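Participant: Shown below is the structure under consideration.
Coordinate-derived values only; no laboratory data. None of these values were measured; they are calculated from a predicted model. Backbone-built Cβ (ideal geometry, glycine too); neighbour counts: all protein chains shown.
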Amino acid sequence: MIKKDPRRVAFDVLRDVTSQDAYANLALAKRLATAGLEGRDAGFVTELVSGTCRLMGTYDAIIEAASGRSLTTLQPAVVDLLRLGSHQALSMNVASHAAVAATVDLARATVGQRVTGIVNAVLRKVAAKDLTTWMNELARGLDETGSLAVRGHHPAWIVNAYRDVLPENEVADALAANNVPPSPTLVVRPGLCEVRELVALGARPTGYSPFGAVADGVPAHLPPVAERRAGVQDEGSQLVAWALSRVEAPEGPWLDLCAGPGGKAALLAGLARQAGEVLVANESAEHRAALVEQALSAYPEGTATVTCSDGRTPDWEPASFARVIADVPCTGLGALRRRPESRWRRRHEDLAQLGALQRDLFRSALRSAMPGGVVAYATCSPHRAETSDVVEDVLKEFPDSTLLRAADFLAEVPGCELGDYVQLWPHRHGTDAMFLALVRLG
Ligand SMILES: C[S@@+](CC[C@H](N)C(=O)[O-])C[C@H]1O[C@@H](n2cnc3c(N)ncnc32)[C@H](O)[C@@H]1O
């Protein structure tokens, strides 16, 4: 395979992200697969794309300040070239003159000779100061939220959401934790694999989840993962599923209402099987239901059933399940560590649309649980509009329900309590920022 220029590959990926709304990690994997790059070169492209996406809002502000013009007056491909050049000059181990020269060459090869002048002029101004100096200049005169947003590289509305639920002295650390990509975390399928098997292959047990291990390298290369006796899953998701399995509940089947792509379902299926119960894993999107089937495929037949239906209007009878989880679609603000472009793509307006769906799914989950049964409302976001606001609104319609103290079922995890809820945090727990409420039906 002919080896492509790593900067050219990064440029193509960034164009996929900014012009076609591609997910950076998927576009990166796709382009790297045909680029003929390995080792250091592949690592360089990954850091260049991920870092540029993560700090995109900061670089945009720097480029506007350095050029004295709005980004909307520049050709979108030129903006992407300037973003990549800024990341190399300000945040990577690349000498400033090399970052400028390489980006000018890339501009010539991609957009054309006519833009090399502006790329050269703007990038030289960007590279004339270091990142800290730029951030100090951009933050000057801003209020606390604005300053945290600039220094922590997040949009202000996300900073406000963090300030709403975290002690003031933790907000900067929480934002900083989103700027560090996590190592892949593995999870065993209970009954099919044990953590010690993963440890024997070089992984380290997770701090809280008894099902997890952190591995460097490519998870798919490990035999238990290739055989689907283990999978990849953030520790926060493992803890949420584990907590649901630990609450006292009647005998009866378990339900995962929004199961795709099947991470929690795969853990719950093993735990249900060990408890002598079966899991129904439901998902509305056909292609994602197929991923759930795949995630469950190593279990013996009869462990779990996958259904594909709208969880708001399911086929099953009400009050059918002893344990139910509604892990609802959300903004994903709790997983910003692993989705570098997401913080700049998501909008505050997304919350309203998601909120209606989240409420409907939680209602349906509560209706699906039998008397004495337990429902977990989980979401990978710390935003109050997706967490406690949803739970409090919906529970008013279910006077027979009781909110349980969710942290009692994760007693091993310090600092996870948020009133009656559990809120996990990257900076406190090294997990995604998962939220959990546990409710018992009367
Ligand atoms: C946060 S994800 C669930 C993640 C999953 N529990 C896991 O651990 O892998 C939410 C899922 O809900 C699905 N979904 C969206 N609307 C739905 C609906 N009306 N009924 C059922 N599932 C829905 C989405 O397709 C998505 O796969």
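Participant: Just how large is the dipole of the chain about the Cα centre, in debye to the nearest 20, putting +1 at every Lys and Arg Cβ and -1 at every Asp and Glu Cβ?
Facilitator: 1680
Participant: Oh, and also: What GluC sites (Glu not before Pro) does region 225-331 have in DSSP loop regions with at most 11 other beta carbons within 10 Å?
Facilitator: Those that pass, being in a loop and sparsely packed, are 248, 251, 301.
Participant: What is the diffusion coefficient of region 324-433 in µm²/s, taking the Kirkwood radius over Cα pairs and the Stokes-Einstein relation at 4 °C with a viscosity of 1.567 mPa s?
Facilitator: 87
Participant: With charges only on Cβ, +1 for K and R and -1 for D and E, what is the dipole size of region 173-312 about its Cα centre, in debye, rounded to 20?
Facilitator: It comes to approximately 200 debye.
Participant: Quick one: 3J(HN,Hα) in Hz for region 259-273, Karplus 6.51/-1.76/1.60 with θ = phi - 60°, rounded, Gly and Pro as x.
Facilitator: Each residue of region 259-273 in turn: 8, x, x, x, x, 5, 4, 5, 6, 5, 4, x, 5, 5, 4 Hz.
Participant: Averaging sequence separations of C-alpha pairs under 8 Å and six or more residues apart, then dividing by the length of the chain, give the relative contact order as a whole percent.
Facilitator: Computed over the chain, the figure is 12 percent.
Participant: A further question follows. Can you sort 96, 19 from fewest to most other Cβ atoms within 10 Å of each residue's own Cβ?
Facilitator: Ascending Cβ contact count within 10 Å gives the list 19, 96.
Participant: Still on this model: I need the peptides 307-320, 195-208 ranked by packing, meaning the mean over residues of other C-beta atoms within 10 angstrom, with the highest value on top.
Facilitator: Going by the mean number of other Cβ atoms within 10 Å, highest first, we get 195-208, 307-320.
Participant: Order the peptides 347-355, 157-165 from the highest to the lowest mean number of other Cβ atoms within 10 Å of their residues.
Facilitator: So the peptides 347-355, 157-165, ranked by packing, come out 157-165, 347-355.
Participant: Starting from one equal scatterer on each C-alpha and no solvent at all, send me the Debye-based log10 I(q)/I(0) for the chain at q = 0.10, 0.12 Å⁻¹, two decimals.
Facilitator: Debye output, listed in q order: -0.76, -1.03.
Participant: DSSP loop chymotrypsin sites (Phe, Trp or Tyr not before Pro) in region 359-442 with at most 12 other Cβ atoms within 10 Å of their Cβ, which ones?
Facilitator: Answer by residue number: there is no such site.
Participant: Then there is this: Based on the Kirkwood radius over alpha-carbon pairs, what is the Stokes-Einstein translational diffusion coefficient of region 95-199 at 20 °C with 1.002 mPa s viscosity, in µm²/s?
Facilitator: Translational D for this selection: 120 µm²/s.
Participant: Test of understanding: ordering 30, 264 by Cβ neighbours within 10 Å, fewest first, what list do you get?
Facilitator: So the ranking, lowest neighbour count to highest, is 30, 264.
Participant: Out of all DSSP beta bridges with both ends in the chain, state the antiparallel percent to the nearest 5.
Facilitator: 55
Participant: Translational diffusion coefficient, Stokes-Einstein: compute it for region 6-132 using the Kirkwood radius over C-alpha pairs as Rh, at 25 °C and 0.890 mPa s, and state it as an integer in µm² s⁻¹.
Facilitator: Once the numbers are plugged in, D ends up at 171 µm²/s.
Participant: Starting from the exponent 0.38 and prefactor 2.2 Å, build the expected Rg for region 141-212 from its residue count and divide its actual Cα Rg by it.
Facilitator: Dividing the Cα Rg of region 141-212 by 2.2 N^0.38 Å gives 1.63.
Participant: Follow-up. Fewest Cβ neighbours within 10 Å first, please rank 73, 52 accordingly.
Facilitator: With the sparsest Cβ surroundings first, the list reads 73, 52.
Participant: Here's something else I'd like to know. Could you give the radius of gyration (one decimal) and Dmax (whole number) of the Cα atoms in region 233-440, in Å?
Facilitator: 15.7, 45
Participant: Which value at 222 nm does the chain reach when only helices count, each DSSP H run of 4 or more adding -39,500 (n - 2.57), with the total divided by all residues and rounded to the nearest 500 deg cm²/dmol?
Facilitator: Result for the chain, helices only: -14000 deg cm²/dmol.
Participant: Can I ask one more? Roughly how compact is region 297-377, stated as its Cα Rg over 2.2 N^0.38 Å to two decimals?
Facilitator: Rg over 2.2 N^0.38 Å, computed on Cα atoms: 1.36.
Participant: Continuing with this model, one more query. Can you tell which of 244, 232, 383 lies farthest toward the positive end of the dipole of the chain, using +1 and -1 charges on the Cβ of basic and acidic side chains (Lys, Arg; Asp, Glu)?
Facilitator: It is 232, whose Cα lies furthest towards the positive end.
Participant: Amide H neighbours of residue 232 under 5 Å, counting only residues 5+ apart in sequence or on other chains, H built in-plane at 1.01 Å?
Facilitator: Under 5 Å from the amide H of residue 232 lie the amide H atoms of 187, each far enough along the sequence or on another chain.
Participant: Whose amide H sits under 5 Å from the amide H of residue 280, counting only residues 5 or more places off or on another chain, with H placed in the peptide plane?
Facilitator: The answer is 254, 255, 256, 305.
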